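The values are calculated or read from the model by the stated rules, or taken from the named source; none is laboratory data. Quick caveat: nothing in here was measured; it's all calculated off a predicted structure. In this analysis, Cβ positions are derived from the backbone assuming ideal geometry, glycine residues included, and neighbour counts consider all displayed protein chains.
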Amino acid sequence: MITKYDKLFGEGWARILSPFLESEEFKTIGKYLKQQVNAGKKIYPTFDDMFRAFKECPYEELNAVWLTNNAYQSQMDGIAFSVSEESITVTPDPLIKIFDAIEQDVAKGLYLHRVNDLTRWANQGILLLNCDLSTEKGAKPGVHLDLWKPFIEFVLKTLSEYNPGLFYVLIGTKSSSYSSCINAENNHILELEHPMMAVKEKRPWRHKNVFHEISLFSKFMNNTVIDWTMPYTVRDQKSFENSGFKLQKI
């Protein structure tokens, strides 16, 4: 029997997260969001998309966890740093820095698949998770950080206990505060600055070769090859050039 949580999270995630999903804490989160909507506030993303990071990243194929806080407000699609296809012509500045970093770290001269929807990474076992799974239109950044804190803590502690050998990337100070939820003895943890810092200071993102490191880790631990670049065919490159984007090549 398929439950509502299976539909929202995927069967594997629904099973391992069920203690929290059936708790009063999760009901409290849902009630608060419903109250905000009833009060006329616009909540992003939609409730169906809030857990896309899980649904698009099969639990059984999990390789790495990215945790950050980067709500794009109306552009949020449920996957950290990702923007849905509907907004494909608008690339947020932090995501541009990430694409630049991939070109420098692992692309090695290949044209990047600079498409804002990062579902393709999630499908390869990268859980791209926001500390704040939701936000309110017009609200200050991080307005829902405290709301989601119990859930994020549960996710990290549960994975740390039942899924040893994962690569955790904590991006930004808010994410780094969750490091105590992860057992560093049997997991790899890498803390990075938020790419927005690089945007503000007009410099490259200090990424510590995270893409190369995850690829090596995944190959060693799970014999899995992560394709960050997904270069275009010649036909795709021409189509992309006509869209107004500037394709970069090292």
Is it the case that Y162 is aromatic (F, W, Y), surrounded by 15 or more Cβ atoms within 10 Å (Cβ to Cβ) and more than 23 Å from L118 (Cα to Cα)? no
Name the residues in the range 18-54 that are crowded, with 18+ Cβ neighbours inside 10 Å and within 18 Å of the chain's Cα centre (by Cα), would you? Y44, P45, D49, M50, F51, R52, A53, F54
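Rundown of residues vs (1) modelled with pLDDT of 90 or more; (2) in contact with a helix residue (DSSP H, G or I) (Cβ under 8 Å, 6 or more places away or on another chain); (3) part of a strand (DSSP E or B), yes/no style:
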| position | (1), (2), (3) |
| --- | --- |
| L67 | yes, yes, yes |
| A71 | no, no, no |
| G78 | yes, yes, no |
| F81 | yes, yes, no |
| K97 | yes, yes, no |
| A101 | yes, yes, no |
| V106 | no, yes, no |
Those residues that are modelled with pLDDT of 90 or more and within 17 Å of the chain's Cα centre (by Cα), I need them from the range 124-142; list them, please. Q124, G125, I126, L127, L128, L129, N130, C131, D132, L133, S134, T135
Within the bounds of the range 206-221, is there any residue that is assigned to a loop (DSSP other than H, G, I, E, B), over 17 Å from I126 (Cβ atoms), modelled with pLDDT of 95 or more and not aromatic (F, W, Y)? yes
